[in-house]
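**Student:** Before I ask anything, here is the structure I am working with.
The values are calculated or read from the model by the stated rules, or taken from the named source; none is laboratory data. Treat the numbers as computed from the prediction; the structure is a model and nothing was measured. Reconstructed Cβ throughout: ideal geometry from the backbone, glycine too, with neighbour counts over all protein chains shown. Just so you know, the surface numbers come from the protein's heavy atoms only, side chains and all, with ligands and any DNA or RNA stripped out. Shrake-Rupley method; radii C 1.70, N 1.55, O 1.52, S 1.80 Å.
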Amino acid sequence: MYSYSEFDEAFVRTRVAQFTHQVERRIDGSLTEEEFRPLRLMNGLYLQLHAYMLRVAIPYGTLNPRQMRQLAHIAQTWDKGYGHFTTRQNIQFNWPKLSDVPKMLSALADVGMHAIQTSGNCVRNVTADHFAAAAADEIEDPRPYAELLRQWSTDHPEFQFLPRKFKIAITGAAQDRAVTAAHDIGLRIVKNDAGETGFQVLVGGGLGRTPMVAMTVRDFLPVEDLLPYVEAVLSVYNTLGRRDNKYKARIKITLHETGKEEITRMIEARFAELRPLFGGNDQALLADIRAAFAPPAFRNAPVEAYDAFYKADPVFRAWADTNLAKHRNDQYAIVTISLKAHGQTPGDATADQMRVMADLAERYGHNELRVSHEQNVILPHVHKSDLPAVHAALMQAGLGTANVGLISDIIACPGMDYCALATARAIPVAQEIATRFDALKLEHDVGPLKIKISGCINACGHHHVGHIGILGLDRAGVENYQITLGGDGTEDAVIGERAGPGFAYDEIVPAIERIVLAYLDLREGPEETFLQAYRRVGLPPFKAALYPGEGNRDAA
Amino acid sequence: MARFTPKVVTANALIEGDVIYLTADDRWTRLHHEAELIEDEAHAQLRLLHAMAQKSVAVGAYLADAKAGPNGPEPTHFREVFRTRGPSNYFLGKQAELV
Ligand code: HEM
Ligand code: SF4
C-alpha cells in the first residue's frame, strides 16, 4: 500500500505543530473565535450541536490495519469510544475537547493520517470506488490517480480559496460505485477505440440545495493529461465561480450559468496553456505511486471448504449472498462489513469493532481495509476458504449483519443528533426503518433498495440519489420529512422526484412501509427491483399508496 | 407590535464544546432551567453582547426562544430541546452527565 513520502510526513507534522500553537493561543485568549474558526476548519475541526467534531480524511477510502487501530485508540482515548464513517470516506469523531485535538492530530500523523482539507473551500478528500483493485469489472485501479490528485491538490497555493468546496471522485470500473456524477469533477476510467486507457471527465455534479447530475466535458482524456486538465477545470472555476453568493458558488452553477459549450471551450483553452508546463515530473511521480499500489500476492489454495460451508450453514449463506461481491480473482471475494446492524447508527463503529476489523484485515485480508461512501467497511481481498472464519469473527463482534444493498443498509447523515446545520433528525429515522423491516421479515424479499436520509437541504446523506430519499426539514418548528423517489447514484445517475407533501416524524416510517408494500404488489416478479419497477410505472402508484384518500377526493 | 418571545442566551463552551446558558447572576450553566429568562428585547441584546464579550469561555452565543416553566425556563423549539439533552442515538452528552 502507498505510504506517505518524507515530504508529506514533514508537512503534516508542521501543520500539527502550527495548529497546536493556534489552539493554545485560542485558549489563552490571544485569538478570537473569528480568527480561530478558519484555522480550525482548515484542520477539520468543527463545532457542532453538543461538542466539537474532528473530521479525518481517509484518502480514496483506503486504510491499513495500523491506521484502523489508531482510529480505535483515538476513539477510546479522546472521544467516547466510537467513530462515524461518512459518505465522503472520512471518519468523524463527535466528542473531542478542544485542548485534546492537537494530541489527536499528532496520533493521526503517527500513522500518516490527518484532517487537512476536510473542510473549507479547497479540493477535499478525493474519493474512489471502494472495490478498487478488487472488482471484477474494473479496467484499472483508480487509486494511483486519486493519490496523484491528492498530492497535487494538497496545499496547492492557487486552490486554497476557491469560490466553494470542491469534490473529486474517481472510478476505474464500468459500474459506478463512487457516485462520480454527483461530484464537482467525476473521473471514469474508460478505453477508447484504439484500446488505450483514459478518463471520461464529468464536471458540475453536486447535491445540496440545487442537485445536478454532472455533464461530460471530455469523452476521452489520455491518462497522462490528468493533472493539466483537472488544473484547467479548477483554474476556469476559480476565475468564473461566483463568490458573491454562497448558494451559487459551486461549479455546477458556474457550468449552468456559463453553458456547457462555453465552459468546455474555456477549459480546453486553459488546458492548452497548462499542458506544456507539466514537464513530465507528474508522470514520473505517477509511476512511483503505481508501483506502491501493486496488487497483493494472492494465494492459490482450494475453495471447497467455502462451497461446503455455503451449502451447510443458512446464516453464512444469507450473509454470503448479500455481503460478498465478485473479486477479479475467482478464489477470492470482496467482503462488505455492514455497519448497519438493525437499530444501530449507520456508519458507526466502536473502538472494539475497529480493532476486530483491523485484525481480520491483517489475518485474512492482505492488510487492506476500505471505507465506502455507503458507510460500510470493506475487506477487498479475502480468500474464499477464509470466509467462514471471517464471518464467525464478525458475528461475534456484532458486525455480521447480512443486509448490504438491502433496505436497512441506509445512508444517514448525522442530522440533528449532532449537526449544527440540521433541520431535523436523520439517524433515528434510519434506525426505525431498519428495525421495522427486520420485524416484518420482508427485507430479503424486497431485495436491492437504497434508502438515503439527510437532516437538511445540504444533502450530506445523498438523499437525492436514493431509490427512496428522505429529507428532514423544519416546518414551523416541527420535524417534517419529504420523500423523493427514483433517485440513482450509479453510472445512470438520476435525481429523485419529490413524491408530495412531507410527513411528521411519527408518520415517516409508516409512509416508507406503504411505498415498499406498494412495490411488492406491483412488481412483475422478485427479479424486478424497486428501481426498475419505479422506472416502469413512475410516481402515480406510489403517490396513491403514500396519500390514500387523496385520489378519491380528486375523483369526487 | 408583535410581542417579544422570551429568550435565553446560549452558546457552546470553549474547551468542551458543551451547550451552556447565561444565568441572571452572570454565570454560565450547563442547565437550561438555570438560565436567565429574558422577557425584554433591549435587555436581550445587552445580555447577548455581554455573552459575546466572553471570548475565552463561550463560543457562538445567540438568543434562543424559551418559555417559563415550573422549574425555570424551558426550550420551545425542538432543536433547543435536543441541545438540553444530547443525541438521541446514544445516552451521551448532557443526558448522561447531568443525572
Ligand atoms: C459538521 C457537519 C457537516 C457540515 C457543516 C456539512 C456541511 C455541508 C454543506 C454546507 C453542504 C452543501 C454544500 C453545497 O451545496 O454547496 C454539504 C454537502 C455535502 N456533505 Fe456535508 N456537512 C457536514 C457533515 C457531513 C457528513 C457527516 C457527510 C458524510 C456523511 C457529509 C457529506 C456531504 C456530501 C456527500 C454533500 C453533498 C455533495 C455536494 O457537496 O454537493 N457532510 N455539507
Ligand atoms: S445534510 Fe444537513 S444535517 Fe445532515 S450532516 Fe449535512 S449539513 Fe448536517
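**Student:** Once amide H atoms are placed 1.01 Å from N in the peptide plane, what residues at a sequence separation of 5 or more from A:TYR332, or on another chain, have their amide H within under 5 Å of its amide H?
**Tutor:** So A:TYR332 has HN proximity to A:LYS384.
**Student:** Take the Cα of A:ARG299, step 7 Å along the line toward its Cβ, and report every residue of the stretch A:387-405 whose backbone nitrogen sits under 14 Å from that point.
**Tutor:** A:387-391
**Student:** Using Cα centres only, tell me the gap between the stretch A:142-207 and the stretch A:106-136 in whole Å.
**Tutor:** Result: 14 Å between the Cα centres.
**Student:** Can you send over the carbon and sulfur percentage of the accessible area for the protein assembly as shown, probe radius 1.4 Å, protein chains only?
**Tutor:** 53
**Student:** Now, a different point. Tell me the trypsin sites (Lys or Arg not before Pro) within the stretch A:287-332 that lie in a loop according to DSSP and have at most 13 other beta-carbon atoms within 10 Å.
**Tutor:** A:ARG299
**Student:** Could I ask something else about it? Once R0 is set to 60 Å, what does the formula 1/(1 + (r/R0)^6) return for the Cβ-Cβ distance between A:ARG535 and B:THR29, expressed as a FRET efficiency to the nearest 0.05?
**Tutor:** E(calc), rounded to 0.05, equals 0.60.
**Student:** Whole-Hz ³J(HN,Hα) for each residue in the stretch A:170-178, computed from phi via Karplus 6.51 cos²θ - 1.76 cosθ + 1.60 with θ = phi - 60°, x for glycine and proline: what do you get?
**Tutor:** Using θ = phi - 60°, the values come out as 9, 9, x, 10, 5, 7, 8, 9, 10 Hz.
**Student:** Here's a follow-up. At 0.36 nm per residue, minus the direct Cα-Cα distance, what do A:ASP28 and A:THR435 gain on full extension? Give it in nm, one decimal, please.
**Tutor:** Contour length minus the Cα-Cα distance gives 141.7 nm.
**Student:** Okay, moving on. How large is Rg/Rh for the stretch A:234-300, to two decimals, with Cα atoms and a Kirkwood Rh?
**Tutor:** Rg/Rh: 1.24.
**Student:** Turning to a different aspect of this structure: Averaged per residue, what accessible area in Å² does the protein assembly as shown show with a 1.4 Å probe, protein chains only?
**Tutor:** Per residue, the protein assembly as shown has an accessible area of 39 Å².
**Student:** If each of A:LEU517 and A:ASP492 carries a label point 7 Å out from its Cα toward its Cβ, how far apart are those two points in nm?
**Tutor:** That separation, rounded to one decimal, is 2.9 nm.
**Student:** Quick one: buried accessible area between A and B, total over both chains, 1.4 angstrom probe, nearest 100 Å²?
**Tutor:** 2400
**Student:** Return the FRET efficiency for the residue pair A:ALA174, B:LYS67: r is the Cβ-Cβ distance, R0 is 41 Å, and the value is rounded to the nearest 0.05.
**Tutor:** 0.10
**Student:** Projecting each Cα onto the charge dipole of the stretch A:6-110 (Lys/Arg +1, Asp/Glu -1 at the beta carbon, about the Cα centre), which of A:GLN76, A:LEU98, A:PHE7 comes out farthest on the positive side?
**Tutor:** Positive-most Cα among the choices belongs to A:GLN76.
**Student:** Hey, another quick one. Report the FRET efficiency, 1/(1 + (r/R0)^6), for B:ASP40 and A:LYS246, where r is their Cβ-Cβ distance and R0 is 41 Å, rounded to 0.05.
**Tutor:** After rounding to 0.05, the efficiency reads 0.75.
**Student:** Something else about it: With θ taken as phi - 60° and the coefficients 6.51, -1.76 and 1.60, list the Karplus ³J(HN,Hα) couplings across the stretch B:27-35 in order, rounded to whole Hz; mark glycine and proline as x.
**Tutor:** So the Karplus estimates, Gly and Pro as x, are 9, 9, 10, 8, 9, 4, 5, 8, 5 Hz.
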